[in-house]
Structure formats: C-alpha cells, structure tokens
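Asker: Structure in structure tokens, see below.
The values are calculated or read from the model by the stated rules, or taken from the named source; none is laboratory data. All of these numbers come straight from a predicted model, not from anything done at the bench. Glycine also receives a Cβ, built like all others from the backbone with ideal geometry; neighbour counts cover every protein chain displayed. Heads up: the accessible areas ignore ligands, DNA and RNA and are worked out on the full protein's heavy atoms, side chains in. Shrake-Rupley method; radii C 1.70, N 1.55, O 1.52, S 1.80 Å.
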Amino acid sequence: MTSRMARKTVSVVSQWSSRVFSVELDGSSHYFAIQEKRAGGEAPGIFRLKAQRYERCYSLLVCGEDRVRTARSYWELRDKLTGHLSPGCDLSPMTSFLPNVKGSLIRGYFFSDNSQSRGQTERLLQTLTCSDPVLVCSYSKCEDGQMWRQHLWPAADTQLVEMPTDYYVVPSEPPAYHPSVLNIINSDVFYSFEEAHEVLEKCGDIIPEAKSVVELLPNRAEARSKPDFPVIVIEGLDATGKTTLTESLRDTLGAVLLRSPPQCLAPWRARFDREPPLIRRAFYALGNYITAEQIGQQGMKTPVIVDRYWHSTAAYAIATAVTGPLSNLPAEGSEVYRWPSDLLKPTLVVFLTVDPEERKRRLRNRGLGKTAEEEELDHNQLFRLRVEEAYRRIIGPACIAVDASPSADQVLQQVLLLIRGKCYL
Ligand SMILES: Nc1ncnc2c1ncn2[C@@H]1O[C@H](COP(=O)(O)OP(=O)(O)O)[C@@H](O)[C@H]1O
Ligand SMILES: Nc1ccn([C@H]2C[C@H](O)[C@@H](COP(=O)(O)OP(=O)(O)O)O2)c(=O)n1
C-alpha cells in the first residue's frame, strides 16, 4: 500500500464521527452514524433488523484514490465476498458520506453473520486482498443487548494504529436526497467530452477495448454550427416503439436515421455493460459525441432522426445510481439534469410513453432478449418510475412526452404534427 493511498484511509477515519453510513436493504436506505460516547436510546433500524437473527455485522469501505481503479476494486471486492462468505451472510451495498459535501461518498458492503460462520468470516477478512485499501469494521452487541459497538479492524497500514478503534452506532436522519446524488456528476453522468474521455483513457491499460473506443472518437467535441436541417430525437424505455417510429419517420421525411450508441461501438457494448457505472456510463456518454459528429455531417444534407441520445444516457445513469422512491432523486432543476454544453443539441426530443402492461405485452410479442437493466425495468417498478421521471426532468432541451399506446400510424401522425409545429417541415 503506498503512502498516497494510506492518506485517504487516514482522512476518512479522522472524519469518522462526521460521516453518515447508509446500508441498502430490500430497496430501502438505512442510515446510521457513530459516536465516541455511549448514549441511551435505540440502536439504528438496520441493527434492530439484524439483531433478530445475527450477533455480529461487518462493513468494508473501499478507500482508493484513483477513481477508475476504485470503481473496479469495489466490484472485485463484491466478487471476493460473495465467493467466500457463508450463504447466511446477506451482503448489502453500503456507502459513507459527509452530509451535503459533494464527492465525499465512498462505497462498500455491509453484512451480518451468526456464531457458526464467524470463524470463517474473520479468517476471510484477515486474508482479504484488494487492489485498494479497505477499511474493515465489525459491529457487536453491547452487554445490554441494545446498543451496538463499532470496532475498526487494525489495517496493514501502520499509520492507523494511533486511531481510536471503538465507537457506538446511533440513528441518523435520512438526508434530503439519496447519498449517491453527492457523486453523480462526472461519476455517473458526464457533462463534457473531456470528462468522459479521461475515464476511458485511464482504462486503456486495464481494458484493452477502451483503446479501440478512444481511437473512434472525434478529435474533440466541437461546438459546431447548427445543422441546416432539423434533428429529431426519439426517446423512451425499451419496447415503447422507438424503432418502429424512427423507421417510419425516416421513410416519411426522407431523413437519415442514426442511433446512439452508434453502430461502430456495437462490438464493444457488451464488454462495457459488464463494467462498473463509472466506466460503463463514460462509454455511453462518448457514444453520444460520435453520434453528434454523424448528426453534424448528415444534418447539412437532410433531416436527421436519432434513436436514443443524451436523455437515455443521463436518465438511466441517474435512476441506477439512486435507489428507492422518486423522492430520492435530485430535485427538479438540479444541475444533474442539465445538458452538456459541448454536445450538439437536437431540434426536438420526443419521449414515448406506454403503460407498463402494454410495454410488457410488446416486449413479449417482440421476443428478443433483454439486457439485465431491461429485466430490472420489468421487475422493479420504482426503477422504471425513476428512469421516466429523470427523462422528464432533463432540460436544455427538455423532452416532449407522447402517449405511444395508440396504433403505430396514430403515433406517427401525432409526432409528425409536433415536428411540423416545431420545424416547418
Ligand atoms: N404503436 C404501437 N402499437 C402496437 N405495437 C407497437 C407499436 N409500436 C411498436 N409496436 C410493437 O412493439 C414492439 C416494440 O417496438 P420497438 O419499435 O421495437 O420498440 P423499441 O425500439 O422502443 O424497443 C414491436 O414488436 C413493435 O412491432
Ligand atoms: N444514448 C444511449 C443509449 C442507451 N444507453 C443505455 C441506457 C440503458 O442502460 C441501455 C438501454 O439501451 P437498450 O439497447 O436496452 O435499449 P433499446 O433496445 O435500444 O430500446 O443503454 C445510454 O446510456 N445512452
């Protein structure tokens, strides 16, 4: 472990009692804090839930300094834990953050176990290796059976020896928005070509495919002059009818049909879909800049129809980073929903909506395989609602929602009316 990496660990521990901890369990976020002095009162909800079945809990927080490597370490740690923990240890994602401090979020895991598996768990934690430093804590019930005590495990890093090791866990008020919101900008959603490009550049050594993607990128995102012809983006969840409508629009308007991610990225898409959000979302963000380059060229000759663009990139990224109900999303008007200043703006963005049952029926009829995220859209109603709401909150340009439940021809006519109203076609 280098001293640079150790500094982050030390600084996180020195902020220990200002930090809030959040555990994701069954679609809800459970918050707690820690304090040096023992106080009366109830243990935080997550510990009361765990107390019914378990006597000990553990948390592991990844404290790397290089965000690309840390994002991968976080996944590496999950694989190691799920591969070696006994089946009774239910692993939950965990974060720690300083309330209202942007970029202060660190990620990790929380789990509990009983006395039968404790030996195995503690052996695993003692021998666990990860590419980044990991702060390990255990939590055990105090003698009164009510309060829980946090014990910071001695790290391989000797600088930590001086740190106090025992704290008591206490309840903490939930923050106004989900803690992930603190780190969304430039970790989940990228607002410039440079930011997304930097992530893929850094990946080149660990993901060879990233080099091939970088080679396809335009030299830089130019704030081009507006294309002469209208640029119409069609957005919507999977199976809302985007392919059907974009093809009809192309034929009716004599337009060129483009998509984001562009065809040239197709060989690498599955590869990046397996990467953590930081890398995966940077890949999709850059796809928009390649599509923008193509729009810039084609839009000088004909109208352009685009199947998915920036709204999809940002809406899915935000809705995945944030969990739970719609109230956990960043508020309407938040900077998170702004359009990147260096990305070509379309003339019109249409957002197709259909009710969930009709969408499922269309998915079944289409019979194609679904991505893990599309599976999630089916099973997790809250996720679908968050994606839709994020679409609606993005501005600069905002999307215009169109009910896509009527027949394909009626939807086409409706969208043609919108286009003619806006673009004089
Ligand atoms: N307006 C519509 N009414 C009924 N079925 C539709 C309509 N639009 C599309 N479909 C059907 O729904 C399925 C999904 O449509 P598709 O255009 O592939 O959606 P997407 O591109 O958004 O995933 C297809 O089988 C398509 O034929
Ligand atoms: N411009 C885009 C297009 C898709 N994405 C991401 C968002 C989701 O994770 C998936 C959805 O794409 P998918 O191919 O499943 O959807 P369609 O089949 O095209 O309707 O891709 C993106 O981030 N940016």
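Asker: Averaged per residue, what accessible area in Å² does segment 184-423 show with a 1.4 Å probe, protein chains only?
Answerer: Normalised by residue count, the accessible surface of segment 184-423 is 43 Å².
Asker: Oh, and also: Please state the charge dipole magnitude for the chain, taken about the Cα centre, from unit charges on C-beta atoms (+1 on K and R, -1 on D and E), reported in debye and rounded to the nearest 20.
Answerer: 220
Asker: Which order do the peptides 284-290, 126-132 come out in when sorted by mean C-beta neighbours inside 10 angstrom, highest first?
Answerer: 284-290, 126-132
Asker: Express as a percent, rounded to the nearest 5, the fraction of DSSP beta bridges in the chain (both residues included) that run antiparallel.
Answerer: Of all bridge pairs located within the chain, approximately 65 percent are antiparallel.
Asker: Evaluate the relative contact order of segment 184-423 (contact order divided by residue number), counting alpha-carbon pairs under 8 angstrom at least 6 apart; express in whole percent.
Answerer: So the answer I get is 29 percent.
Asker: Summing +1 for each Lys or Arg and -1 for each Asp or Glu, what net charge is found among the other residues whose Cβ lies under 15 Å from the Cβ of Cys89?
Answerer: Summing Lys and Arg as +1 and Asp and Glu as -1 gives +2.
Asker: What share of all Cα pairs of segment 3-181, in percent, falls into each consecutive 10 Å distance bin?
Answerer: With a bin width of 10 Å, the distribution comes to 9, 40, 40, 11, 0.
Asker: Could you tell me the convex hull volume per residue, in Å³, taken over the Cα atoms of segment 184-423?
Answerer: It comes to 119 Å³ per residue, whole-number rounded.
Asker: Can you give the FRET efficiency for Glu173 and Gln116, using 1/(1 + (r/R0)^6), R0 = 30 Å, r = Cβ-Cβ distance, to the nearest 0.05?
Answerer: That pair, Glu173 with Gln116, gives E of 0.25.
Asker: By DSSP, what percent of the beta bridges with both residues in segment 184-423 are antiparallel, rounded to the nearest 5?
Answerer: 0
Asker: State the antiparallel share, in %, of DSSP beta bridges confined to segment 82-208, rounding to the nearest 5.
Answerer: 95
Asker: Still on this model: Quickly rank 8-15, 134-141 as a protection proxy: mean count of other C-beta atoms within 10 Å, highest first.
Answerer: In descending order of packing, they fall as 134-141, 8-15.
Asker: Based on the inverse mean of 1/r over its pairs of different Cα atoms, what is the Kirkwood hydrodynamic radius of the chain, in Å?
Answerer: Taking every pair of different Cα atoms in the chain, averaging 1/r and inverting gives 23.5 Å.
Asker: Sticking with this structure for a sec: Non-local amide H neighbours of Trp148 (under 5 Å, H modeled in plane, Pro and chain starts lacking H): which ones?
Answerer: Hits under the 5 Å cutoff: Cys142, Val169.
Asker: Turning to a different aspect of this structure: Reachable lysines from Lys226, Cα under 21 Å, same-chain residues fewer than 8 places away excluded?
Answerer: In chain and number order, the partners are Lys301, Lys345, Lys422.
Asker: Kindly list the residues of segment 130-149 that lie in the label zone of Glu55, defined by a backbone N under 13 Å from the point 7 Å along the Cα-to-C-beta vector.
Answerer: 140-143, 145
Asker: Tell me, what is the FRET efficiency for Asp342 and Gln35 to the nearest 0.05, using R0 = 30 angstrom and their Cβ-Cβ distance as r?
Answerer: My answer for the efficiency is 0.05.
Asker: Quick check for you: with a 1.4 Å probe and neighbouring chains kept, what is the accessible area per residue of segment 42-92, in Å²?
Answerer: Each residue of segment 42-92 exposes 44 Å² on average to a 1.4 Å probe.
Asker: Count charges around Ala317 for me, please; just the other residues with Cβ under 9 Å from its Cβ, Lys/Arg as +1, Asp/Glu as -1.
Answerer: +1
Asker: Using r as the Cβ-Cβ distance of Arg366 and Thr129, and R0 as 41 Å, what FRET efficiency do you calculate, to the nearest 0.05?
Answerer: Result of the calculation: an efficiency of 0.35.
Asker: Using a probe of 1.4 angstrom, how much of the accessible area of the chain is carbon and sulfur, in percent?
Answerer: Taking all protein chains in place, the chain shows 49 percent carbon and sulfur surface.
Asker: Evaluate the distance, in nm, between pseudo-label points positioned 7 Å from the Cα of Asp166 and of Glu65 along their respective Cα→Cβ axes.
Answerer: 3.3
Asker: Given a cut-off of under 8 Å on Cα pairs at least six residues apart, what relative contact order in percent is computed for segment 168-314?
Answerer: Relative contact order, segment 168-314: 36 percent.
Asker: Ranked from highest to lowest mean number of other Cβ atoms within 10 Å per residue, what is the order of the peptides 178-186, 330-338, 391-399, 36-44?
Answerer: Most protected by this proxy first, the peptides run 178-186, 391-399, 330-338, 36-44.
Asker: Give me, ordered by chain and number, the residues 5 or more places off Arg259 or on other chains with an amide H under 5 Å from its own placed amide H.
Answerer: Excluding prolines and chain starts, which carry no amide H, the hits are Asp307.
Asker: Local charge sum around Glu24 (other residues, Cβ-Cβ under 15 Å, Lys/Arg +1, Asp/Glu -1)?
Answerer: Charge balance near Glu24 sits at +1.
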